[in-house]
Amino acid sequence: MTTEKAEEVMTFGELLALISDQQRRITVMETAFSSLAWCLDERASQLLIHQLTLESTSQKHDAALQQQFALLVTELEKRHHPAPDVPTL
């Protein structure tokens, strides 16, 4: 069963298969996006972080989606400005 035939009844197994497929697709997209973020220069990284920060406060998104944008911003900022190694005593 495909998402194009959403009006048809799905079995529980078909639903689980669809969810599993969607999870794999999301994982691929997250990995690709993370890899691309490493390729950005300083200015492009700043613009991306700024845009995603705006999305994290946009009223067009619900609170859960805003939180996901904010988490992505945090991750990108860590990669863009890694914390210096702190020597241990």
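A short reminder: the numbers here are calculations on the coordinates, not readings from a lab. Computed from a predicted structure; not experimentally measured. Cβ sites come from the backbone with ideal geometry, for glycine too, and all protein chains shown count toward neighbours.
Between E14 and V28, full extension at 0.36 nm per residue minus the direct alpha carbon distance yields a gain of 2.9 nm. Each residue of the range 44-60 is assigned a 3J(HN,Hα), and the resulting list reads 5, 4, 4, 5, 4, 4, 4, 4, 5, 5, 4, 4, 5, 10, 5, 6, 6 Hz, derived from the Karplus form 6.51 cos²θ - 1.76 cosθ + 1.60 (θ = phi - 60°), x at Gly and Pro.
The simple spin-label model puts a point 7 Å past each Cα toward its Cβ; for L36 and D21 those points are separated by 2.3 nm.
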